[in-house]
Structure formats: structure tokens, C-alpha cells
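Below you'll find the structure, written out as C-alpha cells, and then a few comments.
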Amino acid sequence: MLEIRRASVLYPARDKSEPVEALRNVELTIEPGEFVVALGASGCGKSTLLNLIAGFLAPSSGQIKLDGAPVTGPGQDRAVVFQKHALMPWMNVLDNLAFGLKLQGVAKAERYKVAREFLTVLGLEGFEDSPVYMLSGGMQQRVGIGRALTADPRILLMDEPLGALDALTRERAQELILKIWEAQGKSVFLITHSVEEALFMGSKLIVMSPRPGRITHRFDLPFSRRFLAGESARDVKASPEFIAMRETILGIIFADEEKAA
Amino acid sequence: MTMDIQDDSRPAPMIKRIFRQAPTKPGQTYGVPGEGNTIKISVVAVLMVLGLWQIVTASGLIAPLFLPSPVAVVQKLFGLISTGFTGVPLWEHILVSAGRVFAAFALACIIGIPLGLAMGMSPVMRGLFDPFLEFYRPIPPLAYLPLMIIWFGIGETSKVLLIFLSVLAPMALGARAGVRSVAIEQIHAAYSLGASRAQVLREVVLPSALPEILTAMRIGVGFGWTTLVAAEMVAATMGLGYMVLSASQFLQTSTVLVGIFLIGGIAWCFDLAMRWVEKKVVPWKGRM
């Protein structure tokens, strides 16, 4: 269980500009197996929040605990999937997938065995020896997700992982991530700009607002469960409840944007 | 009616290609700057220069003392191969010079690459070494050659050290720039997968820096050959630089030209080899 207690982040003043309050008094709990999606206008601090959880950033005040232990830096229990996949181009697909295990000192045969399992899960069979720079954007992102999963983290942190994909690839990747989430039972924290993606994927949605960055709304979402129970993604996204929810969220975000403008 | 006028004023295809991009054929990309194969053009250009050289020398326009004909230079090369220069066979001159350059180059790699990496990774190392490196880097080696000789004598040490110093700066700066070329996401990814600082250096920074390091090696060895002649100016009895310098004192222009072509040829072959290594070792360069 990940707990964020009254976490604030204050970026110091620089070049005559005012100090920026990126996050103010953020309270958030991510239960095991929960899929939390963060949504908000740009500058609302969602990336800052992810960096806090990942341990790339220390809070100015407040604290972050994972299973009771304070987070003091990045670690293998919180694997990150980046928007720009950040794969290692000098390694082939299999070595990229097995990278986390290599860092942990797992023997070659063992780590390849684990990586091969994920190769199948991700639909990348036959590409294990391909250099990653030869793959399409969607495949590269799948390798990025697989790399995070092979390290067997407690929580998976995704920073707009599908932002660079085309619409069709993106929808298929959403479904794949949900299926993996169901199979692995990991906690997930995902950032997105897309309201539809947020509603479809999350079991819990937090809406954030800028100046200062904070969580303004929380929703429990049923849609990913419905998809995993067998309903088709298109039916879920076309259902009246989904559309009503989408309009509510869009209303909140547009209000924020107008205030900023 | 206007057709005739257009036909008359139509520029030659070559000129047209330079001034206006023609539509591309399938499989090409429109508007890529400087795209196209250059081998044919280069071969023609080299042959034309050689031809011009032959014409101006054969016609007696330029005296052989200033510029011997290409044929005379080739003859001189074969003469040097069979009789040597100042009693030393030509291959020994080549070997001695190549030995000096590559020994200095190897030493510069062994010291310069780790130094550059350390300067890229640590502000302490950068603070310590940056002022010295940046200060001596633009000084011509000829300027500190006397110091080298005063300190290290007229033997092999001062020669190799002089070349080493000229190669060291580009190697260290290249490795340091390589460290900067790492994407921060790649470093964050490694840390979030449980990497230690040493692992990040070995598994992420080093491979990322490799393309820059290889480029620095290509540039560095060029500096080495540039400094060779300076290094062989004092108290040398062997080497291509020595050969060029002493031949010039006796106005043996053809020997000077042979020496120049040999140095250029060896450097060029090494560069080709390095480019091949680049293709093999960092095929991903510039693609991600």
C-alpha cells in the first residue's frame, strides 16, 4: 500500500520568477491492486506527483510511504514506464525486457526465462532478437511496459505511456495494459491527458488542478471492471454512464483551463 | 507558342537539381538536405585534379622543383620502396611513425576516455581538470615542443608525449560530451529498476556515450597525425615526418609529396576502419 500524506512540493524561485507551488498538501492512498489515474490540465502537478512516488523528487514537506517504509529514492519496487519509452537501443528486445533482472544480478538463463514469458503476454513473439530501434512506436512502448513488469515491482508508475501512439494502437494498448493489470494484480498509477483513457482504465480517478497543484476531485470508476468482465471496449465507451461521466470530468477540466486563460 | 521559349531557357539538369528540388522517386524522401550518392562525383573530381596536375606539369608550366608530375611522384614512391630514404627502408619510416601515432593514440584513449567520463559524471573531477584541459587545448603543439624536449629529452618519450597531448584533449572532451548525450529517462528507468550508481554508469552512460567516444577517436587520431611532423622535427632519424622535413631541406619535392600522400593514406584507411567499427558497434547511432 502506497500512502502519500500531506505532501507539498515547492520549486524555489529562479531568475526573478516567483517560487512555484507544484503540489500542496496532497493526500493519496493507493491500495494493492488499485488502478489510480491522474488527470488534469497542464501544470497541475501530475508529473511532479509521479516523480515523488518514483523517488526522483523529495517532497518539501509531508511524506510518502510504501508498505510503511518511507520512500527515499528510486527503487525496484516502483518501476516507471515513460512517455518516451526510454529503451536502451544497444540491447535487443529480450535484453531490454530482462534489463531490470540483470541489474538485480539474476543469472542470464533465469532472466531470459522470465523475459520470454512477458514476450508472449505482450504479443512480441518472434521479435526477441530485434533491435528496439527497428520496432514501431506501439511495440517499443510494449517493450517499455514489459521491462517495468519483469522487474516485479509493487507498483507500476506510468507517465503518459500511450501519449505518443496513434489512436488505434493506443486503444489496443489500453486493453493490453488492463489485461496485464488483471493478471498481475499490481497497483498502477497512471498519468494521462485523455479523459476517455482515464475513465476507461482507472479503478480510481483523481482530478488535479494547477496553481497550486492539488487533487480537487476523486471518483471511483466501474468501467475497467466492466471491460474485464467481458463487455467490449466500444460498448463500455459508448454507454450512457461513461458519456455522462466524461462530460462531468471535461466540465471540471475546462473550468480550470478557462481560469488559467 | 510559349513552348519554344521555355525549351530554350531550360537549364541543364545538373544546374536544375542544384537550384530546385525535383520531385522524388518512390523510396526516396523529398527535400532531405544533401541527399544523394557522392562516390561517382568524388571519383570524377579526383581524376580531374590528377589530370590537371599531369597537364600543368607535363607542359612545363610549373617547374618540377615546385610541383613534380604525378608520374614522377609514383616513380619516387617505387624508388623509395626499393632503396629507402637516408639508408632506412621506407616501411621502417612508416612503421616508426605509425608506431608513434598509435602508441600516443592508445595512451590518450586509456587516459582520456575514463577522464572524460569522470568529468562528465562528477563536478569535482570537472572542476579539477576542466581549467587545465581547456587552457592547453588550443595551444599549438609546436609551441610546447621545446618544453617537452627540455623536460623529456630528445628521445622517443618527448615525441610520443607531444602527440599524446594533442590527442588527449579531443578524447576527453568527446567522452565528456558522450555522458551528456544520455537521455535522462534512460537513467531514471535504470534507477527505477533497481540500478546502483555504478550500474547506471556501466549499463547506461557508457553505452550511450559510445557513439561520441568513437567520433572522438576519429577526430583524435587525426590530431595525432597532424602533430606527427612537429614531433619528428627535432632529433629524429626515422619516420614519415622526418622524411618530409629533411627531403624539403634538399628540395626533393617528390619525396615530400610521397610522404604527404603516405600520411594521408594511412590516416584515411584508419578512418575507414573506424567508420566500419562504428557501423558494427553502434548501429543504433542517431536512430533513437
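Read the figures in this text as sums done on the coordinates, not as results from a lab. All values derive from a computational prediction rather than experimental measurement. For neighbour counting, all protein chains shown are included, and Cβ atoms are generated from backbone atoms with ideal geometry for every residue, glycine included.
What does the average come to when, for each residue of peptide B:190-202, you count the partner chain Cβ atoms lying within 10 Å of its Cβ?
Numbers: counts 6, 9, 19, 17, 14, 8, 1, 0, 0, 4, 1, 0, 0.
Going residue by residue through B:190-202 and averaging, the value is 6.
On the Cα set of the stretch B:105-211, report Rg and Dmax in Å, please.
For the stretch B:105-211, the Cα radius of gyration and maximum Cα-Cα distance read 16.8, 55 Å.
Please sort through the DSSP H helices of chain A and keep those with an alpha-carbon extent of at least 15 Å along the long axis and a Kyte-Doolittle average not below 0.0.
Numbers: long enough: A:108-121 (20 Å, -0.51); A:137-150 (20 Å, -0.15); A:167-184 (25 Å, -0.34); A:240-260 (30 Å, 0.29).
Span-like helices here: A:240-260.
Which of the peptides A:120-133, B:269-282 is most tightly packed, and how do the rest follow, judged by the mean count of other Cβ atoms within 10 Å per residue?
Numbers: A:120-133: 15.6, B:269-282: 13.4.
Highest to lowest by the protection proxy: A:120-133, B:269-282.
Above 15 Å lies some portion of the pair distances; for the stretch B:233-288, what is it as a whole percent of all C-alpha pairs?
Numbers: 941 of 1540 pairs.
Summing the P(r) tail past 15 Å for the stretch B:233-288 gives 61 percent.
The stretch A:89-151: D in µm²/s via Stokes-Einstein (Kirkwood Rh, Cα pairs, 4 °C, 1.567 mPa s)? Mind dumping the intermediate values first?
Details: Rh = 11.2 Å.
Answer, rounded: 116 µm²/s.
What are the membrane-span-like helices in chain B by this rule: whole DSSP H runs, Cα extent along the axis at least 30 Å, mean Kyte-Doolittle hydropathy at least 0.5? Walk me through the numbers on the way to the answer.
Details: long enough: B:90-121 (45 Å, 1.62); B:156-180 (36 Å, 1.08); B:206-231 (35 Å, 1.09); B:253-281 (41 Å, 1.06).
TM-like helix candidates: B:90-121, B:156-180, B:206-231, B:253-281.
Output the pairs from A:LYS65/A:LYS186; A:LYS204/A:LYS237; B:LYS40/B:LYS280 with a Cα-Cα distance over 21 Å in this structure; if there are none, say none.
Numbers: A:LYS65/A:LYS186 17 Å; A:LYS204/A:LYS237 17 Å; B:LYS40/B:LYS280 25 Å.
Among A:LYS65/A:LYS186; A:LYS204/A:LYS237; B:LYS40/B:LYS280, the Cα-Cα distance tops 21 Å for B:LYS40/B:LYS280.
Measure out, as a whole number of angstrom, how far apart the alpha-carbon centroids of the stretch A:40-119 and the stretch B:215-248 sit.
After rounding, the separation between the Cα centres reads 51 Å.
In terms of Cα to Cα distance under 20 Å, which lysines are near enough to A:LYS102, apart from those fewer than 8 places away along the same chain?
Excluding near neighbours in sequence, the set is A:LYS113.
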